[in-house]
1. Taking the Cβ of each residue in 185, 65 as the centre, tally the other Cβ atoms inside 10 Å and list the residues starting with the fewest.
2. Of 7/58; 5/65; 5/160; 26/64; 35/91, which ones are farther than 24 Å apart at the Cα?
3. Report relative contact order for the range 4-143 in percent, whole number only (criteria: Cα-Cα under 8 Å, sequence separation at least 6).
4. Using Cβ contacts closer than 10 Å as the measure, can you line up 142, 6 from fewest to most?
5. Pop out the ³J(HN,Hα) list for the range 154-163 in order, Karplus 6.51 cos²θ - 1.76 cosθ + 1.60 with θ = phi - 60°, rounded to Hz; leave Gly and Pro as x.
6. Which value, in nm² and rounded to one decimal, describes the direction-averaged projected area of the C-alpha convex hull of the range 1-64?
7. Could you tell me which of rounded, prolate or oblate describes the range 70-173, using a ≥ b ≥ c as the square roots of the eigenvalues of the alpha-carbon gyration tensor, with rounded for a/c under 1.5 and, failing that, prolate when a/b is larger than b/c and oblate otherwise?
8. Rg over Rh of the chain, using C-alpha atoms and the Kirkwood radius, what does it come to?
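What follows is calculated from the coordinates using simple rules that are stated; it is not laboratory data. Since we're looking at a predicted model, the values are computed, not measured. Virtual Cβ from ideal backbone geometry, glycine too; neighbours counted across all protein chains shown.
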Amino acid sequence: MQNSKRKICVVTGTRAEYGLLYWLLKEIQKDKTLKLQLIVTGMHLSPEFGLTYKEVEKEFKITKKIKLALKDDSCIGISNDMAKLQQKFTKTLKDLTPDILVILGDRWEMLSVSISAMLCNIPIAHIHGGETTQGAIDEAIRHSITKMAHLHFTATNKYKKRVIQLGENPKRVFNVGGMGVENIKSLTFAPKTK
């Protein structure tokens with residue numbers, strides 16, 4: 001009998017992004033009809049940034065770690081890392097065969113991941129599309145990822161409208177609010193003092 005669980009592959013490359021994805025990962029993990037495939041890359045695996053993958057491992061089983069050099073932030077260095085990451089991700093995605101790939105944001109690592117998924121015909125769910133970052137490459141990267149994605153989860157109606165303006169099917173664009181709200185909702189506050 002074939003495994004009927006849908007494979008949801010989530011990619012994280014930074015501590016900040018992982019913090020936003022945390023509750024989504026928890027929901028996928030506890031759903032009996034889903035199988036979480038968690039890929040960790042980028043800063044998580046760098047000693048300079050604290051090897052934060054160890055924090056991820058305390059909560060989740062990491063399916064695959066994909067290391068990057070991250071030593072040279074020049075255009076040549078980033079381009080080399082992007083090319084290597086795209087090669088490694090394409091092989092990883094072909095091996096894992098996820099039903100969908102979930103990515104958040106606008107970092108260059110996620111652009112390489114998106115290209116790999118697109119080439120492997122794996123649908124992409126993009127979180128936090130439609131936002132703007134004036135004067136930074138993040139905006140072009142974010143919008144490029146949007147054009148490769150199949151499902152879009154935005155933080156506001158304004159961002160939802162921008163994704164639709166980019167030509168995406170309105171039936172596949174959802175305003176779900178900011179991912180950080182889940183973190184706030186789960187906090188335990190100290191009692192008020194008089």
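1. Ranking 185, 65 by Cβ neighbours within 10 Å, fewest first, gives 185, 65.
2. From the list (7/58; 5/65; 5/160; 26/64; 35/91), the Cα-Cα distance tops 24 Å for 5/160.
3. It rounds to 22 percent for the range 4-143.
4. Placing the least packed residue first, the sequence is 6, 142.
5. Once rounded to whole Hz, the list reads 9, 8, 9, 5, 4, 5, 4, 4, 5, 4.
6. Result: a mean projected hull area of 4.3 nm².
7. oblate
8. When Rh is taken as the Kirkwood radius, the ratio is 0.98.
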